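Following: one structure in C-alpha cells, then a few remarks.
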Amino acid sequence: MEGLIERIEHHSSGEISELNIEDIDLETDDFDQLLVGAKVKVLLKDVDLIRWKQDLEEDKEILVKLLREGKQVGPARDEKLQQLKKLIENKVRNPINAGNKKLLIFTAFADTASYLYNNIAEWAANELGVHAAMVTGGSGRNATTFTGTRMDLVSIITAFSPISKERGLIDASLTEEIDILIATDCISEGQNLQDCDYIVNYDIHWNPVRIIQRYGRIDRLGSKNEVIQLVNFWPNMELDE
C-alpha cells in the first residue's frame, strides 16, 4: 500500500494523456510504471487517483491497527495454546488407557504446526518427560525431540505408532517412542496410527470429511485401546462479528 501511495504521489500524466491501454504491449516492461494491476492491467491515468489514495490510506490505517494488536498476542497471551497445553498435560498424567500418553494434534496449516511445535516440544520434554514431533509433508519442515529417528515422515510416524507400523520387525532394539505428534493433513489419509488413542483438532477444516479422515487414523481395526477420544477446538462464536 505504501508503494502504491508513493506511485500515486509521484505520478504525472502530462506526456501520456493521449495514451490508450489498447495501444500498450502488455508483454513488455516498458510501461510498468504507468500501469497497475496483476491479471487486469489499468493505466494510472485512467484511475481516480485522489479517491484511490484516500481509500488506500484508510485501509493502511486499519491494517496497521490490526497488526499492532496482533503483535501483542504472543504465546504467553495465547489462551488457545494455553488450553492445549493443559489438555496435553492432563492426558499425559491421566491416560484414558493405561500407560498410553499419546496425542495426535491436527492443524490445517504448516505455519500453525510449526508454532505449536516450537511452544510445546521443549516444554513437553522438560515438564512431562515425553518426546514430541511435527510432520508437515516433506522432511524439510519436519522436526522431533526424539534423537533416535530420521526426519522423514515415515520414520517419525513409525516412532509415534511403533506397534501398528511394526517397528519391532525392523529394529527390535528401539524402545523409546514419540508421544505427541503435531501434523497437517498430510497424514489424514492412509495411515495406521492406532497406537494413539487421542486426537485433537486444533482447527476445524472446512470439509467435514477431512475431520472424519483424521479420526480414522486411530479409530481403526487392530487398536489395542479400550476407548478413544476426539477433541475439537471450535471457532469462537463471535468470530464472524
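The values are calculated or read from the model by the stated rules, or taken from the named source; none is laboratory data. If you're wondering where the values come from, they're calculated on a predicted model, not measured in any experiment. Positions of Cβ are generated from backbone atoms using ideal geometry, with glycine treated the same way; all protein chains shown enter the neighbour counts. Areas reflect the complete protein model, heavy atoms only, side chains present, ligands, DNA and RNA absent. Shrake-Rupley method; radii C 1.70, N 1.55, O 1.52, S 1.80 Å.
Put +1 on the Cβ of every Lys and Arg and -1 on every Asp and Glu Cβ in the stretch 57-127; which of Phe109, Val73, Ala121 then has its Cα farthest towards the positive end of the dipole?
Ala121
Once phi is turned into θ = phi - 60°, what whole-Hz ³J(HN,Hα) does the Karplus curve with 6.51, -1.76 and 1.60 give for every residue of the stretch 97-109, x standing for Gly and Pro?
Residue by residue, the stretch 97-109 yields 10, 3, x, 9, 9, 7, 9, 10, 10, 9, 9, 7, 10 Hz.
So which GluC sites (Glu not before Pro) in the stretch 137-227 are both in a DSSP loop and have at most 13 other Cβ atoms within 10 Å of their Cβ? Working shown, then result.
On the way: sites: Glu166, Glu176, Glu177, Glu189, Glu226; in loops: Glu166, Glu176, Glu177, Glu189, Glu226.
Loop-located and lightly packed - Glu166, Glu176, Glu189, Glu226.
Enumerate the calculated ³J(HN,Hα) couplings along the stretch 64-69 in order (Karplus 6.51 cos²θ - 1.76 cosθ + 1.60, θ = phi - 60°), each rounded to whole Hz, writing x wherever the residue is Gly or Pro.
Working through the residues one at a time gives 4, 5, 4, 5, 4, 5 Hz.
Quick one: which residues, 5+ away or cross-chain, put their amide H under 5 Å from the amide H of Ala108? H built at 1.01 Å from N.
Distant-sequence amide H within range of Ala108: Asp203.
List the residues whose amide H sits under 5 Å from the amide H of Gln229, counting only those 5 or more places along or on another chain, with H placed 1.01 Å from N in the peptide plane.
Here the answer is Tyr198, Ile199, since their amide H atoms fall under 5 Å of that of Gln229.
Over the chain, what is the relative contact order in percent, taking alpha-carbon pairs closer than 8 angstrom and at least six residues apart?
On the way: 312 pairs, mean separation 39.5, N = 241.
Over the chain, the number comes to 16 percent.
Averaged per residue, what accessible area in Å² does the chain show with a 1.4 Å probe, protein chains only?
Numbers: 14880 Å² over 241 residues.
I get 62 Å² per residue for this part.
Which entries of Lys101/Lys165; Lys101/Lys224; Lys80/Lys224; Lys86/Lys224 show an alpha-carbon separation above 20 angstrom in the structure shown? Can you show the working numbers first?
On the way: Lys101/Lys165 18 Å; Lys101/Lys224 14 Å; Lys80/Lys224 31 Å; Lys86/Lys224 26 Å.
Correct reply: Lys80/Lys224; Lys86/Lys224.
Can you give me the distance in nm between label points at Asp46 and Trp206, each placed 7 Å from the Cα along the Cα-to-Cβ direction?
3.1 nm
Let me know the shape class of the stretch 85-184, please: from the alpha-carbon gyration tensor, a ≥ b ≥ c as square roots of the eigenvalues, rounded when a/c is under 1.5, otherwise prolate if a/b is greater than b/c, or oblate. Mind dumping the intermediate values first?
Numbers: a/c = 1.70, a/b = 1.06, b/c = 1.60.
Oblate is the answer for the stretch 85-184, as a/c is 1.5 or above yet b/c matches or exceeds a/b.
Report the extension gain between Asn90 and Ile8 in nm, rounded to one decimal, defined as 0.36 nm multiplied by the number of residues separating them, less their alpha carbon distance.
So the chain would gain 23.8 nm between Asn90 and Ile8.
Considering only the other residues whose Cβ falls under 12 Å of the Cβ of Asn97, what net charge follows from Lys and Arg at +1 and Asp and Glu at -1?
On the way: positive: Lys91, Lys101, Lys102, Lys224; negative: Asp195, Asp197, Glu226.
Counting the neighbours of Asn97, the net charge comes to +1.
What length, rounded to one decimal in nm, is gained on full extension from Arg150 through to Gln229, with 0.36 nm per residue of separation minus their alpha-carbon distance?
Stretched out fully, the Arg150 to Gln229 stretch lengthens by 25.6 nm.
Per residue of the stretch 82-93, in order, report the coupling 6.51 cos²θ - 1.76 cosθ + 1.60 (Karplus, θ = phi - 60°) as ³J(HN,Hα) in whole Hz, putting x for Gly and Pro.
Per-residue couplings from phi come out as 5, 5, 5, 5, 5, 5, 4, 4, 5, 5, 5, 7 Hz.
Please report, as a whole percent, how much of the solvent-accessible surface of the chain comes from carbon and sulfur atoms (probe radius 1.4 Å).
Working: 7370 of 14880 Å².
About 50 percent, which is the carbon plus sulfur part of the accessible surface.
Can you give the helix-only mean residue ellipticity at 222 nm for the chain, where every DSSP H stretch with n ≥ 4 adds -39500 (n - 2.57) and the sum goes over all residues, rounded to the nearest 500 deg cm²/dmol?
Taken over the chain, the calculation gives -10500 deg cm²/dmol.
Near the amide H of Ile178, under 5 Å away, which other amide H atoms are found, from residues 5 or more places off or on another chain, if H is placed in the peptide plane?
Distant-sequence amide H within range of Ile178: Phe160.
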